[in-house]
There are 6 protein chains.
Amino acid sequence: MNNQTTRISGRPATLADLDLFKHVEEHLYTAVVSDSLDELGYRNQALREFMRPLSPNDCFAGWARTFSCVDMYHIPTEPYAMEIAALDSVLLGEVVIASTAGSMQNAPWGELLSTAAHVRGARGAVIDGLVRDVRKIQELGFPVFARGIKPVDSKGRGAIIDYNVPIECAGARVCPGDLIFADYDGVIAVPAEILPQVIQLATEKVAKENGSRAELLRGAYLKDVFAKYGVL
Amino acid sequence: MNNQTTRISGRPATLADLDLFKHVEEHLYTAVVSDSLDELGYRNQALREFMRPLSPNDCFAGWARTFSCVDMYHIPTEPYAMEIAALDSVLLGEVVIASTAGSMQNAPWGELLSTAAHVRGARGAVIDGLVRDVRKIQELGFPVFARGIKPVDSKGRGAIIDYNVPIECAGARVCPGDLIFADYDGVIAVPAEILPQVIQLATEKVAKENGSRAELLRGAYLKDVFAKYGVL
Amino acid sequence: MNNQTTRISGRPATLADLDLFKHVEEHLYTAVVSDSLDELGYRNQALREFMRPLSPNDCFAGWARTFSCVDMYHIPTEPYAMEIAALDSVLLGEVVIASTAGSMQNAPWGELLSTAAHVRGARGAVIDGLVRDVRKIQELGFPVFARGIKPVDSKGRGAIIDYNVPIECAGARVCPGDLIFADYDGVIAVPAEILPQVIQLATEKVAKENGSRAELLRGAYLKDVFAKYGVL
Amino acid sequence: MNNQTTRISGRPATLADLDLFKHVEEHLYTAVVSDSLDELGYRNQALREFMRPLSPNDCFAGWARTFSCVDMYHIPTEPYAMEIAALDSVLLGEVVIASTAGSMQNAPWGELLSTAAHVRGARGAVIDGLVRDVRKIQELGFPVFARGIKPVDSKGRGAIIDYNVPIECAGARVCPGDLIFADYDGVIAVPAEILPQVIQLATEKVAKENGSRAELLRGAYLKDVFAKYGVL
Amino acid sequence: MNNQTTRISGRPATLADLDLFKHVEEHLYTAVVSDSLDELGYRNQALREFMRPLSPNDCFAGWARTFSCVDMYHIPTEPYAMEIAALDSVLLGEVVIASTAGSMQNAPWGELLSTAAHVRGARGAVIDGLVRDVRKIQELGFPVFARGIKPVDSKGRGAIIDYNVPIECAGARVCPGDLIFADYDGVIAVPAEILPQVIQLATEKVAKENGSRAELLRGAYLKDVFAKYGVL
Amino acid sequence: MNNQTTRISGRPATLADLDLFKHVEEHLYTAVVSDSLDELGYRNQALREFMRPLSPNDCFAGWARTFSCVDMYHIPTEPYAMEIAALDSVLLGEVVIASTAGSMQNAPWGELLSTAAHVRGARGAVIDGLVRDVRKIQELGFPVFARGIKPVDSKGRGAIIDYNVPIECAGARVCPGDLIFADYDGVIAVPAEILPQVIQLATEKVAKENGSRAELLRGAYLKDVFAKYGVL
């Protein structure tokens, strides 16, 4: 693990990136991507089960733009300096993904930040913590996964202390530039260095699954399907 | 904190009260009310994130009618005496808000109590515990926020031991006569003594937010919006 | 408690069984069944509140086919041997009900097993753990109650080590052949030996409740309704 | 389960009772009593692992005198009425055993109540909650098992609402008059109706264990010891 | 609540301060101080029950020097800058009291920091998180209360991001300059503005308790002791 | 990660192994070994904070002999077959280290297994679960780390289903043959493939720490010590 990191600037998504995101969103799903990661020995890339979408059809893929939020118990001198810098630096094709160390006292995400991220070209947000303004976020159409909902502001409860650094989000390590993919089954982080293999393996696996599903629907026993396809 | 309390009888909501509830439900939202409470130094008025509505459009405001429920492990001689007294005393414009000390063994609220509260003129219920008969409560159209759902009865599992006394509900202190306001973001308790200021601050803040939202939607950076409006 | 058990083979549901399931699903509900079990002294038959349906209308009754899943941290030589045997042995009219000792690392149920159980004639599944492929399970129309959702596979994370043995599922003891009944309020296990009395008591209680509900809706006080009907 | 109970008056321990307590404390231990209860089909009589002694040598047996404590959030009119009645009714040879529904806000036991119970002839106390004045309780020599330690008073935080009724203490059901036995391994409740069989089985089992221990210490393999003694 | 704070420089303890600490440590105890705070309406000043001393005789009083620690998942450029500043600024008569937002991944305190704080004149440390080097800390004789023990370093796991600001430690709000008092019953924070009244009330209460204890030890009933002294 | 494993037979410790264990126990400590593992990029080798020694001086090093325990809710046909095989296969110089998936219902370790392991030459046991017979284990002098204490037997509550396979114990992955080292700060697992480097780094680091400690004790500021030694 390369633990020593400096802040990474990133670049806006290219047309090829946007095509990739579309392929992932429309043809793959997080479960098959998780299996492909398992096959390559990356077994802890899925975020924990408490990360749920605000709207049932929320689904997106994009490059991780990490935020590091922490709890606070007072209002510092410049409470928003880092938050403003973090949000304003979001680039086309990124997914805001925030660690809060599992905070249940603070709701570090709401309508305003959703709007700001949306107009910068972000594809969604993944907040390992609480959020608010959910109805307005749903109206905006910006997809967000979060741990829970509570109507409190972050002022005097927490702050963003860094961004574009490695974080832990809902049990998985996420580095800037990882591919974040979220659908109804949850959220998965694909490390940048193995992305091509993962996409290829997952695309192949989707095709294969159609065979076993069809046989099972015709009434075949698992024993025979497994003997034929070698997978379950 | 005035801890020494006697049972408070309350009075039915007046027409002015009902107008206030309508204003709160239609023009305010819990997040902006929470911010106004913060501004006045009341920072622990929002109930915890596990309090969720049984139906997604549940939204109500009203005076707190507190119930104190506790776990029991046997059936006392008069299991329903206090429960009947508590329910039958509910007045027009009240919100039943119940503490259970976070019980996960008992479901102290269901269709019958929803019906009884509804016909007495209650505007909703907030149960820091489990509920049952959810489908029938939804059909009745009575809005309820709860911690969870389980099909068990309260008989031999718990009892109401007092009502119209200060309680703690999902992490927030609630006194009889506080304004309880619940929408999709959660539930907030507004202490009676500061209600007018809170309503005024919240109403003003709603207006201001429209400005910053409009600018952000036009693509402005947070830095500039914050410089102009002074809030985030 | 008879703790010493051998594996029970069971038999497919008869037409009378299927009629019973239909009666339970259409005329009873878990809350009234729970009350009937309480009355007979069986007070811990409801599964805990975290067992929720994947689709809001999921509702089913059937004979318990228990699975015992455990966490693993490596891939054993024959990872699927017991899982295949367990699934392929599912019979018409059964409900797959799985213990995982509350695992949050493994998702032992998904589309493939739902399909396999569905074509064998299972009426639903109750998984005290995580599941995946939720969208596909919803499309299949197979009802499932679970503790949560995460996109990971069971390979190298857990295994089925036995089936048709007594288990503990979400806090309740379940034996093969118990009646499992699930509706929006949750899941309840009815021990086989008292099933007839429970069905009779519950059917009677449903009728009685209509009276008290009607009176309450006309504005009666709980005190008077309780004096007349003797129940709450 | 006999759920419908009235308050039970009890009687002071006889000389025979005191001899029994001495036999249990000096010749048995909770593990062997737990095994004997298992053998008779009573498998949930041991309190949970978080119940620990305040002093490492705390060990006692006596008749259960149950207290039911609940959380409160205000000071009622007569905060101590039931507490005084409960404590003053403690009889020679009893063990105070208190349910708090797992409260972590209140410390319902301390030096004063320890002293009062001690002079009434209580053999110890088991508090499923927090306690305070631990140093003074240790100096008094009164043995207490508890869930934790915190220096807060119960006034305005909780109250005793009943005594001599069935309770649940740290996961186990306890009825007035059960034998409570506590040693370094934890606390176990022996239902009164099976006490003679449990004492007999446990006394026999202690004798048998000496044989297998001796063989193991001489280097025998478990396989051979099990083949010879039929127990592990 | 004054939430807007700047860093407070403090001053070393005077001889009068040191006399006060000695009085508190030798003549008062946290339980009686907690009762005095209750009486003045400060009801949430005791830290939670999981804060335990590393050595059973750890007992100290001193002025709060707050540290704010947060979890991190990488090694920042200057990992120790704030930690060195915080430790080197500790003054005679202070108690280091650290918030970690309840971190279980990081052990932000050990022998080195204990030694540094000790030589600066600190009277003890209260760490709402994990610690290590416990044997060496015990040998040094520096008293520490903590949430738990784990042998990991803070490098790449967490960092001190601020000091001398208001924090929340184990459930209680602590401001720089509060009196922190820890004994075997736990830890309590006395706000500076009410310290004189608290000390006076607590000193008086200690005297009174001796009367009721003596009567109880002579066999008096609680009812009569309460009638005579008016307190329990 | 090599996930596919077959059961590993191991070999008894050699004299060189025993010398190594002695060096580790007498000259190193878990904190410095953890730091050395961190330096080599192995950052999750320390078991969680709830693993505590039964006796305060328990300290041992040895080769991991892993056991995999799971919860059960009935008594299988041969409840002890795998347990007997596992215990009887323990070799000189091994540490029994057991996963239970965090079970709180079962106490899979007690005096009998301690005795059996002790006579086979085991150096200690690390049980991620509950244990019983603690007094007798202490008298035997066999060092055990565990999650908690409860007097229940494993029969009908759990079973050993495999041994000498990779497990997860209290949050850390452990493979057969890893070096397990436990002292008062906790337990750490050193993967076999990096053991020599870890021992070397840790031995060097112990020497260096003496310098900075000595300077701090003389009153040096952290800033200067860090400038001189480059470590904290």
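Structure notes:
- Where a residue in region A:184-195 is in contact (Cβ under 8 Å) with a residue 12 or more places away in the chain and of a type in the set (D, E, K, R) and its partner, wherever it lies, is open to solvent by 10 Å² or more (accessible area, probe 1.4 Å) and assigned to a helix (DSSP H, G or I), with Cβ under 9 Å and at least six apart: A:Asp185/C:Arg135
- Candidate set from region A:14-40 (those that are within 13 Å of chain C (Cβ to nearest Cβ) and hydroxyl-bearing (Ser, Thr, Tyr)); member that is nearest to the chain's Cα centre (by Cα): A:Thr30
- Where E:Gly148 falls short, out of the listed (1) under 20 Å from E:Phe50 (Cβ atoms); (2) small (Gly, Ala, Ser); (3) surrounded by 21 or more Cβ atoms within 10 Å (Cβ to Cβ): (3)
- Among the conditions (1) outside any strand (DSSP E or B); (2) among the small types (Gly, Ala, Ser); (3) facing another protein chain (nearest Cβ under 9 Å), the only one that C:Gly148 does not satisfy is (1).
- Matching residues, region B:182-210, being out of contact with any helix residue (DSSP H, G or I) (no Cβ under 6 Å at 6 or more places or on another chain) and surrounded by 13 or more Cβ atoms within 10 Å (Cβ to Cβ): B:Ala182, B:Val187, B:Ala189, B:Pro191, B:Ala192, B:Ile194, B:Leu195, B:Gln197, B:Ile199, B:Thr203, B:Lys208, B:Glu209
- Residue check for A:Lys155: basic (Lys, Arg), within 14 Å of chain B (Cβ to nearest Cβ) and crowded, with 21+ Cβ neighbours inside 10 Å: no
Residues checked against (1) at pLDDT 95 or above; (2) under 29 Å from C:Glu139 (Cβ atoms):
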{"position": "A:Gly186", "(1), (2)": "yes, yes"}
{"position": "A:Val190", "(1), (2)": "yes, yes"}
{"position": "A:Ile194", "(1), (2)": "yes, no"}
{"position": "A:Lys205", "(1), (2)": "no, yes"}
{"position": "A:Arg218", "(1), (2)": "no, yes"}
{"position": "A:Tyr221", "(1), (2)": "no, yes"}
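- Of the set (1) under 30 Å from C:Glu26 (Cα atoms); (2) among the acidic types (Asp, Glu); (3) open to solvent by 10 Å² or more (accessible area, probe 1.4 Å), all apply to C:Asp128 but (3).
- Set side by side, the residues F:Asp153, F:Asp162 differ, and just one is closer than 30 Å to D:Glu39 by Cβ and in a loop (DSSP other than H, G, I, E, B), which is F:Asp153.
- Search result, residues across region E:165-174 that are in a strand (DSSP E or B) and open to solvent by less than 20 Å² (accessible area, probe 1.4 Å): E:Ile167, E:Cys169, E:Ala172, E:Val174
- Meets criteria (within 14 Å of chain D (Cβ to nearest Cβ), touching a strand residue (DSSP E or B) at 6+ places or on another chain (Cβ under 8 Å), crowded, with 24+ Cβ neighbours inside 10 Å and at negative phi) for B:Ser114: no
- Yes/no for F:Leu54 being out of contact with any Cys (no Cβ under 9 Å at 6 or more places or on another chain) and surrounded by fewer than 18 Cβ atoms within 10 Å (Cβ to Cβ): no
- Failed item, numbered, when C:Leu140 is tested on (1) surrounded by fewer than 24 Cβ atoms within 10 Å (Cβ to Cβ); (2) under 18 Å from the mean Cα position of the chain (by Cα); (3) not basic (Lys, Arg): (2)
- Residue within region D:85-96 that is within 14 Å of chain B (Cβ to nearest Cβ), without any contact (Cβ under 8 Å) to a residue 60 or more places away in the chain and under 30 Å from B:Gly129 (Cβ atoms) present: no
- Tally, over region E:37-57, of residues that are in contact (Cβ under 8 Å) with a residue 24 or more places away in the chain and closer than 16 Å to D:Lys150 by Cβ: 12
- Restricting attention to region F:223-232, the residues that are modelled with pLDDT of 85 or more and open to solvent by less than 80 Å² (accessible area, probe 1.4 Å) add up to 2.
- Among the residues of region D:57-79, those that are away from chain B (no Cβ under 14 Å) and open to solvent by 10 Å² or more (accessible area, probe 1.4 Å) comprise D:Asn57, D:Asp58, D:Cys59, D:Trp63.
- Of all the criteria given as (1) at pLDDT below 95; (2) within 10 Å of another protein chain (Cβ to nearest Cβ), the one not satisfied by B:Arg52 is (1).
- Where D:Ala214 falls short, out of the listed (1) hydrophobic (A, V, I, L, M, F, W, C); (2) within 9 Å of chain F (Cβ to nearest Cβ); (3) open to solvent by 30 Å² or more (accessible area, probe 1.4 Å); (4) part of a helix (DSSP H, G or I): (2)
- Taken over region F:83-102, residues that are surrounded by fewer than 24 Cβ atoms within 10 Å (Cβ to Cβ) and among the hydroxyl-bearing types (Ser, Thr, Tyr) amount to 1.
- Strands (runs of 3 or more DSSP E) wholly inside region F:46-131 containing at least 2 residues that are hydroxyl-bearing (Ser, Thr, Tyr): F:60-71
- Among residues of region E:159-173 that are within 13 Å of A:Gly156 (Cα to Cα) and among the β-branched types (Val, Ile, Thr), those with a Cβ under 8 angstrom from a residue that is open to solvent by 20 Å² or more (accessible area, probe 1.4 Å) and part of a strand (DSSP E or B), sequence gap 6+ or separate chain, pair up as E:Ile167/E:Arg173.
- Residue that is open to solvent by 20 Å² or more (accessible area, probe 1.4 Å), at the interface with chain C (Cβ under 10 Å from one of its Cβ atoms) and either at pLDDT 95 or above or in a loop (DSSP other than H, G, I, E, B) (or both), where the choices are A:Arg43, A:Arg11: A:Arg43
The values are calculated or read from the model by the stated rules, or taken from the named source; none is laboratory data. Just so it is clear, the model here is predicted, and its values are computed rather than measured. Don't worry about glycine lacking a Cβ; one is built from the backbone with ideal geometry, like all the others, and counts go over all protein chains shown. For accessibility, only protein heavy atoms count, side chains too; no ligands or nucleic acids. Shrake-Rupley method; radii C 1.70, N 1.55, O 1.52, S 1.80 Å.
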